[in-house]
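The values are calculated or read from the model by the stated rules, or taken from the named source; none is laboratory data. Remember, it's a predicted structure, so these values are computed and weren't measured experimentally. All Cβ positions, glycine included, derive from the backbone under ideal geometry; neighbour counts span all protein chains shown.
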Amino acid sequence: MITIDDSRELDTHRRQDAMGHVLASLRDAPRRARMFREALEAVAGTRRYLHWSQGTGQSEPYVLDSDDPVDLLYQLGLCQSGRFMMRINQHASRLFLTDGVWVPKPSRVFPFCDESASLIDFAHESGWARQADCILDVGSGCGHTALAFDRPRQFLLDINPRALAYAEINRLLNELDPQRYLVRLNDIRSGLVLPAFESRPNSVLLLANLPFAPCPARGLMPLDSDGGPSGIDLQVAALRALKTFSRQLPSGTRVRAILLGLSPGNAATGSWLLEQAAGLLLGPERVEWHRCNDQLLRIDGRRGLPNPSPVDKALLAIAGCTLENPDRAQRRRVAGAYERLAAAHLKKGHTDLTYGFLKLRVA
Ligand SMILES: C[S@@+](CC[C@H](N)C(=O)[O-])C[C@H]1O[C@@H](n2cnc3c(N)ncnc32)[C@H](O)[C@@H]1O
């Protein structure tokens, strides 16, 4: 008899098979990329898909329509029982395959591209992207950020090998040069692991959309979102790694960084924990905090809270997300943990939570 755990395991194997299948198809015949893109665009360009991708229906894989290019998608191994088993994002003039929210938390690859879109816009507006000859995308996920740039070198670094497999699929799908887009397994808490540069970069820009959701305990949030109790653990790890890395570069190399994140703090005084931590590490004169124009949190697929918002209200909203916690009893348990986390923040004077960009001149 197949138990629930067995069937989950079978699902995981099927998903990995589908990724292997797409990767092999694209590697064997890169010319297929265009045909695949057209098929995926035909699905993702419909109002039905848009509706699915922005609401709670996305808790389950998308049900294909008879007008969709079903045969080709089946050939690619991307469908099961009439459902499309990945998520398609049309983003930054490119096409991305990634996991849907239904994939189990410990290995899920980040489904959403709205955060990357904000980061890309900010990097362009700053003028820093244009000046960089090397972009480091830390916590790259499926490649939403790095694959949207076309500088001489883009490095995509992530702790999750599954994310890197998607990044490689997306590089092939968008017909991008393998010499310029390099994918590496890297836990940012152990520093930046990069191959030796063939030619010395003049200007390095680190971009990061690392996990930043405040999280009371391990396992309550997916790997792609758990930012520790304050939400800033991985941003701080990235800054430490970048500081060490920049000391290894020849003097005169320009090193800059833009990190997207949430931060607890105090809206009345304008003091934010992430900005303070960055100031302590690099010197406050090197750090700027910019509030993001987007609303604070994506709950059930949509953003809806003012930025900033009171910390207790924001943390309870995270706990109430039915996409992340579909089971009612589980939501109650998670809500209890978030209430205790909110109380701990309030005790430290962190009355609010904000969403924005940390802009850093490292060297
Ligand atoms: C919020 S997702 C963003 C993914 C991608 N940047 C995007 O915008 O679509 C955060 C990513 O950070 C990765 N990550 C989590 N912990 C990490 C770590 N310690 N070192 C490097 N990457 C990590 C996750 O696997 C995930 O891909």
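Some notes on this structure:
- Residues of segment 115-141 satisfying the condition of being assigned to a loop (DSSP other than H, G, I, E, B), more than 14 Å from Pro211 (Cα to Cα) and not acidic (Asp, Glu): Gly127, Ala132
- Of all the criteria given as (1) farther than 25 Å from Ala241 by Cβ; (2) near the ligand (Cβ under 10 Å from one of its atoms); (3) out of contact with any helix residue (DSSP H, G or I) (no Cβ under 9 Å at 6 or more places or on another chain), the one not satisfied by Arg83 is (2).
- Filtered residues of segment 92-107 (kept if near the ligand (Cβ under 9 Å from one of its atoms) and either out of contact with any Leu (no Cβ under 8 Å at 6 or more places or on another chain) or of a type in the set (D, E, K, R) (or both)): Thr98
- Criterion: in contact with a strand residue (DSSP E or B) (Cβ under 8 Å, 6 or more places away or on another chain), among the β-branched types (Val, Ile, Thr) and under 21 Å from Ile120 (Cβ atoms) - qualifying residue of Ile258, Ile232: Ile258
- Among the residues of segment 196-203, at least one is modelled with pLDDT of 95 or more, part of a strand (DSSP E or B) and not β-branched (Val, Ile, Thr).
- Restricting attention to segment 219-239, the residues that are of a type outside the set (A, V, I, L, M, F, W, C), more than 12 Å from the ligand (Cβ to nearest atom) and on the phi < 0 side of the Ramachandran plot add up to 2.
- Among the residues of segment 240-255, the ones that are more than 16 Å from the ligand (Cβ to nearest atom) and in contact with a strand residue (DSSP E or B) (Cβ under 6 Å, 6 or more places away or on another chain) come to 3 in all.
- Unmet criterion (only one of (1) over 24 Å from Gly228 (Cα atoms); (2) of a type in the set (A, V, I, L, M, F, W, C); (3) within 15 Å of the ligand (Cβ to nearest atom)) for Leu157: (1)
- Selection over segment 166-200 of residues that are within 14 Å of the ligand (Cβ to nearest atom) and at positive phi gives a count of 1.
- Among the candidates Ala208, Ala163, Ala148, Ala213, the residue that is under 24 Å from Ala363 (Cα atoms) and either within 15 Å of the ligand (Cβ to nearest atom) or hydrophobic (A, V, I, L, M, F, W, C) (or both) is uniquely Ala208.
- Qualifying residues in segment 178-204 (those that are more than 15 Å from Ile135 (Cα to Cα) and among the small types (Gly, Ala, Ser)) - the one surrounded by the fewest Cβ atoms within 10 Å (Cβ to Cβ): Ser190
- Condition check for Phe110: within 12 Å of the ligand (Cβ to nearest atom), buried (at least 20 other Cβ atoms within 10 Å of the Cβ) and in contact (Cβ under 8 Å) with a residue 12 or more places away in the chain: yes
- For Gly219, the conditions (1) part of a loop (DSSP other than H, G, I, E, B); (2) over 20 Å from the mean Cα position of the chain (by Cα) all hold with the exception of (2).
- Identification of helices (runs of 4 or more DSSP H) wholly contained in segment 16-104 with 3 or more residues that are among the aliphatic types (A, V, I, L, M) and at pLDDT 90 or above yields 32-44.
- All positions within segment 142-162 that are under 15 Å from Ala208 (Cα atoms), in a helix (DSSP H, G or I) and in contact (Cβ under 8 Å) with a residue 60 or more places away in the chain: Ala146
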